[in-house]
Amino acid sequence: MRRRAFLASAGIAALAGCSSGNDDGDGSDGTATPTATSTGTGTPNFELRGAEIPEARALNVPTAIAVAVQNTGTGAGTFTSTLERRVDDGEWETAANIEMPLEAGETGEWHSPRFAPRYLATLHFRLAAFDETWSMEIAPKRLDFGLYYAAPTGLYLNVLGGSFESEYPAPSNETDTTANETLTPTAAPDGETWAIMRVDVRNRLEEPQTTPAADEFVLTVDGEPRPQHQEVTDDPYEGGELAGRTVTRGDLVYSVPAGTQARDITITWESSLPDGDVKAIWTK
């Protein structure tokens, strides 16, 4: 199978996502004959041979589209078609113009540039020549503790990990050297323990930005949200304005059932931004 270069509109490189191959329910069998330009004797005829399009992609994961078309006619010709895009229930718009010169019997592949979707959505694509459609689900970003999520706003968010403590912030014989006061630990409620999670937020832009509030980070154990207790720690994470090219760190404190282990914990951050929704999930 010969791979063919494509002629794409400028918008294709900025696409927020792609699609997966399936019929759109209108009875199309993928063997329609689109308008073709003959380049010699004989008559070209084009058939859709398949598409390499993932059914789902997580936020910020690079992906691409590939479409295969065969010239089953008796003469050389140029296959042309628009590739249309629709986000959720929005309007169809032209995403790319495909053009592939093919000899009789030749199969060509059109490949889009790689792109990384940045917002949650269901993305639909339609190859106009065959009226064939595909869809792709853009899913939340899943990360191990210690790996950052790059938000479209220019923030890097990272739940570094943490520990389980029956008392926090420190044994009573330790001293806060900045205030010259003895720290008094707080015991976890009966039958529970403290989950102390460390958060790192970085502003990679030059200008100040607003960082997420502490209560936007939701910790669940076996799917059940757990209460947050920022009053327990002497170094709480606090949202607010963060200067350009700077970092803020702090604790997130939750009460969880005694015996909870790291693999039982999930921390989720999600937000509705002006251009779409985002969501990141940290697990062990």
Filtered residue count, the range 235-245, keeping only those that are loosely packed, with under 15 Cβ neighbours inside 10 Å, in contact with a Pro (Cβ under 9 Å, 6 or more places away or on another chain) and not hydrophobic (A, V, I, L, M, F, W, C): 3
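Take residue 253 and tell me if it is open to solvent by 40 Å² or more (accessible area, probe 1.4 Å), closer than 19 Å to residue 192 by Cβ, in the same structural domain as residue 153 (by the TED database) and part of a strand (DSSP E or B).
no
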Residue 27 vs. criteria in a loop (DSSP other than H, G, I, E, B) and at pLDDT 95 or above: no
Total residues in the range 142-160, condition assigned to a loop (DSSP other than H, G, I, E, B) and either surrounded by 15 or more Cβ atoms within 10 Å (Cβ to Cβ) or among the hydroxyl-bearing types (Ser, Thr, Tyr) (or both): 4
Residues satisfying the stated conditions in the range 214-229, i.e. open to solvent by 40 Å² or more (accessible area, probe 1.4 Å) and outside any strand (DSSP E or B): 215, 216, 222, 223, 227, 229
Out of 107, 94, sole residue that is in contact (Cβ under 8 Å) with a residue 12 or more places away in the chain and in contact with a Ser or Thr (Cβ under 7 Å, 6 or more places away or on another chain): 94
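Table: residues versus (1) open to solvent by less than 80 Å² (accessible area, probe 1.4 Å); (2) at pLDDT below 95.
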position	(1), (2)
175	yes, yes
178	no, yes
181	no, yes
186	yes, no
192	yes, no
196	yes, no
206	no, no
The lone exception for residue 43 - which of (1) part of a loop (DSSP other than H, G, I, E, B); (2) open to solvent by 70 Å² or more (accessible area, probe 1.4 Å); (3) at pLDDT below 95 it fails: (3)
Out of 69, 87, sole residue that is open to solvent by less than 10 Å² (accessible area, probe 1.4 Å) and at pLDDT 95 or above: 69
When residues of the range 65-116 are limited to those that are in a strand (DSSP E or B) and of a type in the set (Phe, Trp, Tyr), the one nearest to the chain's Cα centre (by Cα): 115
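The values are calculated or read from the model by the stated rules, or taken from the named source; none is laboratory data. Nothing here was measured: the structure is a model prediction, and the numbers come from that model. Cβ coordinates were reconstructed from backbone atoms using ideal geometry, including for glycine residues, and neighbour counts include every protein chain displayed. The accessibility values were calculated without ligands, DNA or RNA, using every heavy atom of the protein model including side chains. Shrake-Rupley method; radii C 1.70, N 1.55, O 1.52, S 1.80 Å.
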